[in-house]
1. Full-extension gain between ARG85 and GLU125, please, as 0.36 nm times their residue separation minus the C-alpha to C-alpha distance.
2. Does a label point 7 Å from the Cα of ILE56, set along Cα-to-beta-carbon, have any residues of the stretch 94-125 with amide nitrogen under 14 Å, and which are they?
3. Got a sec to turn the phi values of the stretch 252-266 into Karplus ³J(HN,Hα) couplings, 6.51 cos²θ - 1.76 cosθ + 1.60 with θ = phi - 60°, whole Hz, x for Gly and Pro?
4. Give the lysines reachable from LYS294 as a straight Cα distance under 26 Å; neighbours fewer than 8 places away on the same chain don't count.
5. Roughly how many whole Å is it from the C-alpha centroid of the stretch 54-112 to that of the stretch 266-286?
6. How much of the DSSP bridge set in the chain is antiparallel, in percent, rounded to the nearest 5?
7. Residues in the stretch 1-29, backbone N under 16 Å from the label point at GLN64 (7 Å along the Cα-to-beta-carbon vector): list them, ranges by number please.
8. Given a Förster radius of 35 Å and the C-beta distance between MET1 and LYS279 as r, what FRET efficiency does 1/(1 + (r/R0)^6) yield to the nearest 0.05?
Amino acid sequence: MNLPKTVRIREVGPRDGFQMEREFIPTATKIEIINALVRTGLCLFEATSFVSPRAIPQMRDAAQVLAGIDRHEGMEVGALVPNIRGAENAAAAGVDEIVLLVSASESHNRSNINQSIEGSLRGFETMAEIASEAGITVRGSISVVFGCPFEGNVPVENVDRIVERMAALGITAVTLGDTTGMATPPIVRRVCRSVMDKYPGLEIGLHFHNTRGLGLVNVYEALGMGFDIFESSIGGLGGCPFAPGATGNVCTEDLVYMMEELGLETGIDLVELIRVAKKVEETVGRELPGQVMKSGRRLDLYPPLLNPLI
Ligand code: ZN
């Protein structure tokens, strides 16, 4: 295996995770959590999304959250924008990066953004202009790349078509998303190989969900192919809107733990990260799926028990 030496991790919990929470998380708490994450060494964030407050009330404080984040050199704070209005609001709020969202399947795009893939792609032209005028970078985020809950397998040609249009707009970074955790290692190998071979200069990040327990397995598969940008969420926040109770994104602490055990550099303090995960768990008021936050690292030792169970 030809593993990369360093890995970049983008924290998406404040967006992908918080948006699934029914109870409104106070703005000050969101800011506190993001700033605690910044102190762990995380540099890349998808901090919020500029969507209609009617569609996702949890994200109605996007501009205030952005204003409260401690920024430093080298950080990239991005926000998801589904439409032109969102791009304008994100630019006005001072994001470093806007993330343009589109699904690789027609039915998912219609159900998620309420328009056709072509409609989304056309909107991207204006959104990319808004970003360029504001001096903001643009990243494309493609959903359901590895499988769609409405259509099943997604032809890789769908992904190609979208990447091509994005490239034509000067977009040099994309994220391939496994929105409902349908990826498996053979699918990751096939789809990622195809995209990386066709677009050698493209920066490709991978966004896996652990919905069926294969999140880190898919990360490991992609690492072996040389991929070095992964998205995850603190505590494994997030979920699957179609499967109540199903786990969400790959968990950031579990991901960092695996990287450390593989000898890969992340620049993130795992002990601090675990502390933040526990604080997030307290905030949302229910058990989060993260595992290392419960058991600790493998060499975090315990005092011997008198009557061990096994
Ligand atoms: Zn996601």
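The values are calculated or read from the model by the stated rules, or taken from the named source; none is laboratory data. Small disclaimer: the values here were computed from a predicted structure and weren't measured. FYI the Cβ positions are ideal-geometry reconstructions off the backbone, even for glycines, and counts take in every protein chain you see. For the accessible areas, the whole protein counts, side chains as well, though only heavy atoms, and no ligand, DNA or RNA atoms are used. Shrake-Rupley method; radii C 1.70, N 1.55, O 1.52, S 1.80 Å.
1. Length gained, ARG85 through GLU125: 13.1 nm.
2. Under 14 Å, as judged by backbone N against the label point of ILE56, lie 98-103, 112-114 of the stretch 94-125.
3. Going residue by residue, I get 4, 5, 5, 5, 5, 4, 4, 4, 4, 5, 8, x, 9, 7, 10 Hz, with x marking Gly and Pro.
4. LYS30, LYS278, LYS279
5. 23
6. Rounded to the nearest five, the antiparallel share is 10 percent.
7. Those under the cut-off are 23-29.
8. Efficiency, from the Cβ-Cβ distance: 0.50.
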